[in-house]
Each structure stands twice: as structure tokens, then as C-alpha cells.
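Structure first, then comments.
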Amino acid sequence: MAKLGNGIAVIPSARVRSIESDYPQDSDYRENNDFFYLTGLETPGASLVLVARKDGRNQAVLYLPARDTVAEKWTGPKLGPEPEATRLTGIEDVRAASRAAAEIPRYGAPIRMESLEGKIAALRLVKDGDEIARLRRAITITTNALDQAMGAVRPGMWEYELEATIEYGFRRHGAERLGFPSIIGSGPNGVTLHYDKNRRKMQPGDLVVQDVGAEFGYYTADVTRTIPVSGRFTERQRAVYDLVLATQQAAIDAVRPGTDLPALNRVARDYMREHSGNLCGAATCVSYFTHGLSHWLGMDVHDVGSFGAKLQPGMVLTVEPGIYLPAEGLGIRIEDDVLVTPEGHEILSSGAPRKATEIEQFMVHKVP
Ligand code: GLY
Ligand code: MN
Ligand code: MN
């Protein structure tokens, strides 16, 4: 309301996808992020109306569809415009959705239309305690599943088997869905940044890039671990791995209030350039670090919020350098989720080992 100043905001909920005309098999009903952020509800056909007035007579109205006993036989009980909605949301003024079209114009004629997205994005960028708790849970589910997968991976396994092992770990621990399609790229597939076909049989000596994230309570993790399928890095793989890891550590060490994502990106690229030696041939390895270092993380994997914003406590970002050498079929990415704290930062995804030797120790029983 304070950000609106004087105006009316209408935030609709998401649409149910049709089993006949859409392809809903990849995902069940997922609420519109901004609607969920403001209400905590999953209710198709609803709208939240916020009326901010200069004189302070602000109004919040939640429009919910009336219950439909026939539809409920197919899809189960729904929340109707009843006192239960007030109890769940704290919004006192709850009305039937059938009134919305007629009533919304009466809250006051807007002078101009503007998108609310930027204003809500600014709110979503700084996470409160409840949001951080959800993120912690999503990230812990993810790192536990990666730890489990590390014990299961072996040459001859298909990428999709590893994908299924990880995703079973997510669901078994309460994740509602994936934050994004799982990327399981072994050998040459590791150089394709968003490879999610996951159809190759993993070979002895391959590395496998596992870039995955469970979603819990509408917040998603985004963690990448690159591991050797046979349980041991080759000397060459380890040398490139250690450069990616040290680059990541240099960037993480620089995370604190007041800096920003472009500055962290420079820290990482400067570090990688200075420490490349001849590891990547004539060019430095920065030429093979072909994506950005960081993005915001939250309800969306690439979460909303200005890329240039100064870091403040409560913001959550990924730090994910990589080196991709297509000529060698060698791709390495390491990605962690980092919370900005008043003192600096906290790595939320430290539950999955990152150092090459720690990964090998985890997998030691796999070594032939
Ligand atoms: N998993 C997608 C990304 O790291 O940006
Ligand atoms: Mn990411
Ligand atoms: Mn990722």
C-alpha cells in the first residue's frame, strides 16, 4: 500500500491449465508468484484488490470464487468467500469473485495504468524470516538429494536415472515440485548450459554436471555440483575444477552488504583471468566462462529484482562460475546459494560437498 501511494492494484491468481488443451503434465496448479506473495493462497479464479488512498483510507479486498459442488467432485474442496479465508490470510474483506468485474471500476478511476511488477519485485528482492526459512528448507532438500545421488552415481547409469534419483529425494522430503527442469549433463553434455534432455548413458571417466533445485513453499533452490562418474577426478579435470572452485570462493568472500552483482562478477572474472595460467590454452579460462556469475534466487529460480541493486541483508543470490571446453567435452560448474547477512554472507547450500577431495571421499566406495 505504501508503495502504491495513491492507486488501485489488481492482482489475479493463476489459471488452471486444461488437461485437454494445455500440457499440464509437467506441473500441477502453481499459483501466480505475486498473488501468493501477498496472500499465501492457491486459489484459481481469485483476485486481490489493493486500494491505496492519499487520506490513508486504504482497502484490501480478496475476491474468491464461490464453491462449486459439481467441480469439487473432480478436483476436491476449494476455499470459498467465507470467514475461513479471512482466518488464513488476515484479509477481512472477502467477497465473491462474481462481484469483481462490476466493483473494481468503482474503487476510483485510475489516471493511468502501470504495471505493478517492479514494485512487488522490489519487495520480493529482500526476503523476510519466513521466506528465508522456506529457502533454507528447499536448499536443504536439494543438497540432501545431491548427497544421496553422489552415493548412487556410477558408470553405465543413464542421466535420466540420476535425474530420477535426485527428484525422488526432493519429493520424498516434501518438495512440491522442481524449481526448474533438472540439468544432468555428463561428458560432452556438460558444456550445454541448460541441457535438460538427460538421455545419455554416463561413461567411465566422465564428469556429470548436476544443476538442480527443489521447490518448497513456493521458494526454490538452485545448486550445481559437478562430480566424476567413476568417483575420481582425473588430474586434468581436477585442475580445471579447482580453478572454478577458487573463483567461486573469491566471489563468495566478496559478498556483503553494499556491493552488487556486477561487482561480484568482476571479482570472479578477474580472479579466473589471473589464475588461469595455460589451463585453457592460449586464451584465459574467462573466455570459457560463458554466462553470468549470479542471479537473484527466490520464488523464481531467476528471481525478480533489479540486477544492479546494492546487496542488503535478506537478499539471496547464486554464485555459479563455470568453465566449458567443448573441444574436450569438459564442462564444470559449481553453484551455491548465498544469503546476504549484516556481517557478510551465509552459504545456504553448504550441505553438499564442494571441494574435489570431499566429493571423492563421499564417493570413495565407488572407485573401482
Ligand atoms: N539452474 C539454472 C541456473 O543456474 O541459472
Ligand atoms: Mn543459477
Ligand atoms: Mn543452476
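Some values worked out for this structure:
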read-out: Qualifying position, being closer than 20 Å to T247 by Cα, more than 16 Å from ligand 1 (Cβ to nearest atom) and either touching an Asp or Glu at 6+ places or on another chain (Cβ under 7 Å) or at pLDDT 95 or above (or both), among V319, V338, V286; value: V286
read-out: Spans of strands (runs of 3 or more DSSP E) in the range 240-352 with at least 1 residues in the same structural domain as M202 (by TED's automatic domain parsing), surrounded by 22 or more Cβ atoms within 10 Å (Cβ to Cβ) and basic (K, R); value: 330-333
read-out: Helices (runs of 4 or more DSSP H) (entirely within the range 1-114) containing at least 3 residues that are surrounded by fewer than 11 Cβ atoms within 10 Å (Cβ to Cβ); value: 69-75
read-out: Selected residue (only one of A250, A246, A254, A214 is under 26 Å from the mean Cα position of the chain (by Cα), within 16 Å of ligand 3 (Cβ to nearest atom) and small (G, A, S)); value: A214
read-out: Positions within the range 172-190 being more than 16 Å from the chain's Cα centre (by Cα) and either closer than 22 Å to G231 by Cβ or free of Cβ contacts under 8 Å to residues at least 40 places away in the same chain (or both), in sequence order; value: R172, I184, G185, S186, G187, P188, N189, G190
read-out: Lone qualifier among R273, R333 - being within 30 Å of E235 (Cβ to Cβ), within 16 Å of ligand 3 (Cβ to nearest atom) and among the basic types (K, R); value: R333
read-out: Residue satisfying all of: in the range 139-154; surrounded by fewer than 17 Cβ atoms within 10 Å (Cβ to Cβ) and farther than 15 Å from V223 by Cα; nearest to ligand 1 (Cβ to nearest atom) among these; value: A152
read-out: Among residues of the range 217-234, those that are more than 14 Å from ligand 3 (Cβ to nearest atom) and touching a strand residue (DSSP E or B) at 6+ places or on another chain (Cβ under 7 Å), counted; value: 3
read-out: Residue in the range 159-177 that is assigned to a strand (DSSP E or B), under 30 Å from E131 (Cα atoms), within 15 Å of ligand 1 (Cβ to nearest atom) and among the aliphatic types (A, V, I, L, M) present; value: no
read-out: Selection count, the range 191-214, where residues are surrounded by 23 or more Cβ atoms within 10 Å (Cβ to Cβ), of a type outside the set (V, I, T) and within 15 Å of ligand 2 (Cβ to nearest atom); value: 4
read-out: Selection within the range 306-336 - farther than 14 Å from V209 by Cβ and within 14 Å of ligand 2 (Cβ to nearest atom); value: F307, V316, L317, T318, V319, D336
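The values are calculated or read from the model by the stated rules, or taken from the named source; none is laboratory data. Everything numeric in this text was worked out from a predicted model, so none of it was measured. Note: ideal-geometry Cβ built from the backbone for every residue, glycine included; neighbour counts use all protein chains shown.
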